[in-house]
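The values are calculated or read from the model by the stated rules, or taken from the named source; none is laboratory data. In this text, all values refer to a predicted model and were calculated from it rather than measured experimentally. Quick reminder, even Gly has a Cβ in these numbers, built from the backbone with ideal geometry, and neighbours come from all protein chains shown.
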Amino acid sequence: MEIVACLKQVPDTETQIKIAGDNKSIESGDIKWVMNPYCEFGVEESLRLKEKFGGSVTVVSVGPARTVEALRTALAMGADKAVHVETDEALTPLATAKLLAAAVKDLNPDIIFCGQRAVDGDQAQVGQALAQYLGMPHVALGVKVEVAEDKSSVKVSQPTEGQTVVYEMPLPALVTAQKGLNEPRYASLPGIMKAKKKPMDKKSPADLGVSLESKMTILQLTPPPQRAAGKIIAGETVADKVVELVKLLREEAKIV
Amino acid sequence: MAECIWFFAEERDGELRKVAYEAARTARRLADEAGTQAVGVLLGSGVTGLAEKLGCYGADKVFVVDDEAMKNYTADGYAEVTAKLVEEHKPAVLILAASVLGKDLSSRLAARLEVGLAMDCMELKIGDDKKLVAKRPIYAGKAMCECVPGGEPQMASIRPNVFPTGEPDESKKAEVVAVPLNVDPSLMKTKVVDIQKDTSGKIELTEAEIIVSGGRGMKGPENYTILEELAGVMGAAVGASRSAVDAGWRPHSDQVGQTGKVVSPNLYVACGISGAIQHLAGMSSSKVIVAINKDPEAPIFAKADYGIVADLFEAVPVMTEEMKKLKA
Ligand SMILES: Cc1cc2nc3c(=O)[nH]c(=O)nc-3n(C[C@H](O)[C@H](O)[C@H](O)COP(=O)(O)OP(=O)(O)OC[C@H]3O[C@@H](n4cnc5c(N)ncnc54)[C@H](O)[C@@H]3O)c2cc1C
Ligand SMILES: Nc1ncnc2c1ncn2[C@@H]1O[C@H](COP(=O)(O)O)[C@@H](O)[C@H]1O
């Protein structure tokens, strides 16, 4: 099986986000960059499919030079080769998906994994757009992926509000990975050593002939609405405090 | 009919979902701001009877594709059918819910139509040049991004529970326009093979008005019964922190936070949850936050409107009793 996992490098979730002077981007100075957690699930699932069906796993990422680190992590986990589409531009989901489509097309993947969303822009768009551009069906939020023995189709379980839907798609197809799909492995020390020798193919948007036209105008970034400092409810006993709380919820917040 | 504000009306099992009314009302408000009509799109099987009702929430007109092939949502099927309608009628704006279905459909559709999509918005307005202006959280709510989606239609999805549905006006009915299936079903590659309903009758977190959530301070899975009792009295859903989920006390689907669900209830009661940045990312857009924690230094108190420093095992049962009195 030809398996592709698309991954993005994002700020560690602990990162404090500071808006840059232009009010349109964030300060990238002190950020620790990591592989997007949802992409880890996609990489892990790719490796498991390869272990079961054979074939190869290619990891692909679009981003600046530092992106190589996230790709190396995936290679150290066990992926066979990496494609790095190098660009310093802040891209819209559609532009990213076009680059990914151009980068993976010639690999003729049977199945592609993306994360369900990247925890930077929280777009949850690139996987769906990539599937559309490649003319493939997709299922989002996969928590269970079962490829048929004859490798002609895949069943994907998707939790939605109050129910789980099981979809079936003919391959090739794309799945976006949700938490619960698997437990991603850690890169082993030998894995990290081996990763250094694995192929890392570098491409530019120009090589891929993709226009990066933006369909989104950013007006400004602002800090989130601040929550007014709350009240710590005083009281002699726990019961007093709770009685006061319920009173406040009813009379002040008017919510119960 | 150009220039209209369109919305997608989400339906399941023969009923419109609350997010459909949120989208309808939002489209109505934007249409009023732009001086145009609010028009719905409803796809499904046996759903024509539901369309009229969208008028109560402000829809002037609803296009309905009522066909067996539309019975279950599939991304490729629904995106293509909606795209064809959009191409024919050329609305100025298309609003969807940022529900599981709405996020998925809007993403595929935006690529199909080659337009910009503002995902999971908290605010929408029509700007001076009659263009839709959206505000959405990024970096898990650590910043807000004000943006103008490009292309036509301008697309946006709205976070559930944030935009009001308003009171329905039962006297208003939408004009219903039946549209025959406009895509060959054999081109829809995805099939639904099974639907497993959550039998617990639980209230879905992203749709709940009230959430009672428990973290590592709950000490074990068996203790969630005290939260369930409180939730039962309040008509609330029960959520959890990642620590509780990772410990196997609660299912993944209950996790609130950056790698769980993003929720905006009217009231969020955090019990034995410290308030890690990744947890706050999932619940800080709640309207009122209550924290019950025995550690007065817990970061959750900095975000809570009301805080109680106490042992939750003492406080929660008292709260249940107080709420019972209130409801009696
Ligand atoms: C990539 C990444 C993603 C993450 N995503 C999420 C996410 O989506 N959601 C999430 O929640 N976390 C997430 N986390 C984990 C997060 O960093 C915290 O570890 C987690 O939220 C802590 O859970 P907690 O508050 O239940 O536990 P703790 O931090 O251990 O807090 C327990 C709290 O309970 C209080 N307590 C204990 N006993 C009692 C008692 N008897 N009465 C009252 N209070 C009591 C304690 O004072 C303490 O404040 C993520 C972490 C990473 C690295
Ligand atoms: N720059 C990128 N390079 C590779 N994959 C990406 C990139 N951006 C997004 N993706 C993939 O698309 C998923 C969803 O991203 P997003 O739409 O940005 O939330 C991610 O989890 C990745 O799998």
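So is residue B:162 farther than 18 Å from residue B:11 by Cβ, in a strand (DSSP E or B) and of a type in the set (Val, Ile, Thr) or not? The answer is no for residue B:162.
Of all the residues in segment A:13-67, those that are within 13 Å of ligand 1 (Cβ to nearest atom) and at pLDDT below 95 number 3. Residues that are among the basic types (Lys, Arg) and in contact with a Pro (Cβ under 7 Å, 6 or more places away or on another chain) within segment A:77-128 comprise just one, A:81. Scanning segment B:272-282 for residues that are within 11 Å of chain A (Cβ to nearest Cβ) and either under 15 Å from the mean Cα position of the chain (by Cα) or within 16 Å of ligand 2 (Cβ to nearest atom) (or both) returns a single hit, B:281.
For residue B:198, the conditions (1) within 25 Å of residue B:18 (Cα to Cα); (2) of a type in the set (D, E, K, R); (3) away from chain A (no Cβ under 12 Å) are fulfilled apart from (3).
The conditions of being part of a loop (DSSP other than H, G, I, E, B) and surrounded by fewer than 16 Cβ atoms within 10 Å (Cβ to Cβ) are not met by residue A:79.
Filter segment A:7-20 for residues that are more than 21 Å from residue A:92 (Cβ to Cβ), within 16 Å of ligand 2 (Cβ to nearest atom) and buried (at least 16 other Cβ atoms within 10 Å of the Cβ) and give the result.
A:13
Here the strands (runs of 3 or more DSSP E) wholly within segment A:108-205 that include at least 1 residues being within 7 Å of chain B (Cβ to nearest Cβ) are A:138-142, A:153-160, A:163-170.
Counting the residues of segment B:237-257 that are under 16 Å from the mean Cα position of the chain (by Cα) and part of a loop (DSSP other than H, G, I, E, B) gives 1. If the condition is being more than 16 Å from the chain's Cα centre (by Cα) and either touching a residue at least 24 places away in the same chain (Cβ under 8 Å) or within 16 Å of ligand 2 (Cβ to nearest atom) (or both), then segment A:21-33 contributes A:23, A:24, A:25, A:26, A:28, A:31. Within the option set B:69, B:51, B:31, being over 19 Å from the mean Cα position of the chain (by Cα), among the aliphatic types (A, V, I, L, M) and surrounded by fewer than 19 Cβ atoms within 10 Å (Cβ to Cβ) holds for one residue only, B:69.
For segment B:229-271, what are the residues that are under 22 Å from residue B:163 (Cβ atoms), among the aliphatic types (A, V, I, L, M) and away from ligand 2 (no atom under 16 Å from the Cβ)? Once the filter is applied, which keeps residues that are under 22 Å from residue B:163 (Cβ atoms), among the aliphatic types (A, V, I, L, M) and away from ligand 2 (no atom under 16 Å from the Cβ), segment B:229-271 yields B:236, B:237, B:256, B:263, B:267.
From the list B:32, B:67, the one residue that fits, being more than 14 Å from every other protein chain (Cβ to nearest Cβ), over 30 Å from residue A:136 (Cβ atoms) and of a type in the set (D, E, K, R), is B:32.
For residue B:15, indicate whether it is surrounded by fewer than 24 Cβ atoms within 10 Å (Cβ to Cβ), farther than 18 Å from residue B:106 by Cβ and in contact (Cβ under 8 Å) with a residue 40 or more places away in the chain. Considered against the rule, which asks whether it is surrounded by fewer than 24 Cβ atoms within 10 Å (Cβ to Cβ), farther than 18 Å from residue B:106 by Cβ and in contact (Cβ under 8 Å) with a residue 40 or more places away in the chain, residue B:15 comes out as no. In segment B:173-184 there is at least one residue matching the filter, namely being touching a helix residue (DSSP H, G or I) at 6+ places or on another chain (Cβ under 9 Å), closer than 30 Å to residue B:5 by Cβ and of a type in the set (Lys, Arg).
Given the criteria touching a strand residue (DSSP E or B) at 6+ places or on another chain (Cβ under 6 Å), surrounded by 22 or more Cβ atoms within 10 Å (Cβ to Cβ) and under 22 Å from residue A:178 (Cβ atoms), does residue B:241 qualify? Taking the combined requirement at face value, the residue does not satisfy it.
Return the only residue of A:115, A:63 being touching a Gly at 6+ places or on another chain (Cβ under 7 Å) and either farther than 24 Å from residue B:262 by Cβ or surrounded by 24 or more Cβ atoms within 10 Å (Cβ to Cβ) (or both).
Numbers: A:63 fails: touching a Gly at 6+ places or on another chain (Cβ under 7 Å).
Among A:115, A:63, only A:115 is touching a Gly at 6+ places or on another chain (Cβ under 7 Å) and either farther than 24 Å from residue B:262 by Cβ or surrounded by 24 or more Cβ atoms within 10 Å (Cβ to Cβ) (or both).
Taking segment B:302-314 as the range and being outside any loop (DSSP other than H, G, I, E, B), surrounded by fewer than 23 Cβ atoms within 10 Å (Cβ to Cβ) and within 7 Å of chain A (Cβ to nearest Cβ) as the test, the residues that pass are B:309, B:314.
I'm trying to understand the selection: among the residues of segment B:260-275, which are hydroxyl-bearing (Ser, Thr, Tyr) and surrounded by fewer than 23 Cβ atoms within 10 Å (Cβ to Cβ)? Write out each step before concluding.
Initial filter on segment B:260-275 (hydroxyl-bearing (Ser, Thr, Tyr)): B:264, B:268, B:274.
Those that are hydroxyl-bearing (Ser, Thr, Tyr) and surrounded by fewer than 23 Cβ atoms within 10 Å (Cβ to Cβ): B:264, B:274.
Which numbered condition in (1) touching a strand residue (DSSP E or B) at 6+ places or on another chain (Cβ under 9 Å); (2) over 23 Å from residue B:173 (Cβ atoms) is the only one that residue B:85 fails? Here residue B:85 clears every test but (2). In segment A:34-51, the residues that are more than 14 Å from every other protein chain (Cβ to nearest Cβ) and of a type in the set (Val, Ile, Thr) form Cβ pairs under 9 Å with partners that are surrounded by 20 or more Cβ atoms within 10 Å (Cβ to Cβ) and in a loop (DSSP other than H, G, I, E, B), at six or more places apart or across chains, as follows: A:43/A:7; A:43/A:78; A:43/A:79.
Within segment B:44-57, not a single residue is among the acidic types (Asp, Glu) and out of contact with any strand residue (DSSP E or B) (no Cβ under 7 Å at 6 or more places or on another chain).
Taken together, A:110, A:106 contain a single residue that is free of Cβ contacts under 8 Å to residues at least 24 places away in the same chain, farther than 28 Å from residue B:145 by Cα and more than 13 Å from the chain's Cα centre (by Cα), which is A:106.
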